[in-house]
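Here's the structure, in structure tokens; my notes come after.
The values are calculated or read from the model by the stated rules, or taken from the named source; none is laboratory data. Predicted model, so just to flag it, every value in this text is computed and none were measured. Reconstructed Cβ throughout: ideal geometry from the backbone, glycine too, with neighbour counts over all protein chains shown. SASA here: full protein model, heavy atoms, side chains in, ligands and nucleic acids out. Shrake-Rupley method; radii C 1.70, N 1.55, O 1.52, S 1.80 Å.
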Amino acid sequence: MADLDPDRFLAELHALRAIGGVSDAHKGVVRRAFSPEDVAARLWLAEQFAEAGLEPVIDPAGNVWGLGGPLLIGSHTDTQPEGGWLDGALGVIAGLAVARANPGVSVVSFQDEEGRFGATTGSEIWSGALPLAEADALTDLDGVSFGTARRALPATGDFPDPARFAAYLEAHIEQGPVLDTAGERAGVVTAIVGLRQIDVTLTGRQNHAGTTPMHLRVDALRGLSDADHAIRDALRNIATPQSVWTIGHVQLHPNAPSAVPGRVRFTVQWRDAEAGRLDRMEAAIRDALDAVAASARLALEVSETSGLPPVAMDPDLQDALAAAAAEVEAPGAWRRMPSGALHDATNVSRLMPVGMLFAPSIGGISHAFEEDTAEADLVTCLRILAGAAARLA
Ligand SMILES: [Zn+2]
């Protein structure tokens, strides 16, 4: 076994960045799942796994495995259409570096975490939540199916048996501003937040914008405006600083300068790490919509609620990461925090205990070419991950 080698870790992060790197002006990369760049990166990764003494396996979903010991460490190496160099890559290359120094570790790069076809598709398939045959029918925005796309990376083996692993650790950039703003070096994740969403339709009376007196209007857009205010008021006493909600997608009808809007459709989405608070937020949002519709004389339709439950990180894995963080960093330079973004760990939690570690994102920027993290913080992240892995061995 070799010692932990931070310089080699950074060099390999840059080597991976070169596969799909698009400009000298920034560090951004484009490696959409199963694109030629993604396939090249995954074949390169399989070579690194073999060289590190791990057994490389590319499974039928395009997940790349370096099989070794029972502690699985990983993330993903596919990117957004305009991706950063660290989103996913950090967790995979850190896993490789830890595996070189610790025989108890296996490494994985899950496929299509960034949702060219679904969302966290590769880990969803491996976890059993999404049958491969169903995944094959998923299509990207150009109509290419997962089943067709995955021929670009032929499998070299079957899906590894989850029973060979005891736990999963994922290091990832925070993709938000909390650590960077506080000047902190690391975050031990407590939970991945749950998400709920409803589709709302408010219907009023479409009419002429010049001849309809103001007091006779039944304006659907007024309902949306009131709903935005009413939801904010209703959530004031329920939300924590970590709770978020968004009116995201809006369709106004007829969306014309000279027509009083007759109908508006919009989504309301909210996220929190606690299921009970998601319930209370939902009740408050639905009550606020009822009140707005009644006072603006609009007809209200609300869809069933869709979403994902929050996923708690395993307490023992959190403690191992926290103990390692306390050893690597001075007290006060790291924190426990929820993850507002979805990760492969969500799916893996169906199979085994999971834990996550965050590195700061400069300016909180992610899913953009400008995404970056100070190299000293990347090395801190690696050292904490290695420390946690040693404690769990
Ligand atoms: Zn990611």
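A few remarks follow.
- In the context of the full set of protein chains, residues of the chain present 42 Å² of accessible surface per residue (probe radius 1.4 Å, heavy atoms only).
- Under 5 Å between amide hydrogens, built in the peptide plane, is the criterion, and for ALA191 it picks out MET313, SER339 among residues at least 5 positions away or on other chains.
- Within the accessible area of the chain, the carbon and sulfur atoms contribute 52%, probe 1.4 Å, all protein chains present.
- Two numbers describe the Cα atoms of the chain: Rg and Dmax, which are 23.4, 82 Å.
- Size descriptors for segment 199-276, from the alpha-carbon set: Rg then Dmax equal 15.4, 50 Å.
- C-alpha center-to-center spacing [segment 191-220, segment 261-314] in angstrom: 15
- Mean Cβ neighbour count within 10 Å, used as a protection proxy, ranking 116-124, 190-198 highest first: 116-124, 190-198
- Ranked order, VAL348, VAL302 - accessible area, probe 1.4 Å, largest first: VAL302, VAL348
- With θ taken as phi - 60° and the Karplus curve 6.51 cos²θ - 1.76 cosθ + 1.60 applied, the whole-hertz 3J(HN,Hα) list for segment 357-364 is 10, 10, 9, x, 9, 4, x, x Hz, x standing for glycine and proline.
- Only DSSP H runs of four or more residues enter the estimate; each adds -39500 (n - 2.57), and after division by the residues of the chain the mean residue ellipticity at 222 nm equals -10500 deg cm²/dmol.
- Note on VAL22 and ASP199: their simple-model spin labels are 3.0 nm apart, each label 7 Å out from Cα toward Cβ.
- Choice from THR156, THR212, THR77 with maximal GNM fluctuation in the chain (Cα, 10 Å cutoff): THR212
- Accessible area in the full protein assembly, largest first, 1.4 Å probe, for THR203, THR380: THR203, THR380
- Remark: segment 21-38, residue by residue, has Karplus-estimated 3J(HN,Hα) of x, 10, 7, 8, 7, 8, 9, x, 9, 10, 9, 5, 3, 6, 5, x, 5, 5 Hz, where x stands for each Gly or Pro and the curve is 6.51 cos²θ - 1.76 cosθ + 1.60 at θ = phi - 60°.
- For segment 295-388, the average shadow cast by the Cα convex hull is 10.5 nm², which is a quarter of the hull's surface.
- Segment 189-238 - Rg (one decimal) and Dmax (whole number), Cα, Å: 17.0, 57
- Zone residues, segment 81-113, relative to ASP3, backbone N less than 20 Å from point 7 Å out along Cα-to-Cβ: 94-104
- ARG336 long-range amide H proximity, modeled H, under 5 Å: VAL188
- Couplings for segment 299-307, taken from phi via the Karplus curve 6.51 cos²θ - 1.76 cosθ + 1.60 with θ = phi - 60°, read 7, 10, 10, 10, 6, 5, 7, 10, x Hz in order; Gly and Pro are left as x.
- Model label zone, GLU55; criterion: amide N under 17 Å from point 7 Å along Cα-to-beta-carbon; scope segment 123-157: 155-157
- Taking all protein chains together and a 1.4 Å probe, the residues GLU304, GLU47 rank GLU304, GLU47 from largest to smallest accessible area.
- Other-chain or far-sequence residues with amide H under 5 Å of ASN207's (modelled H): VAL260
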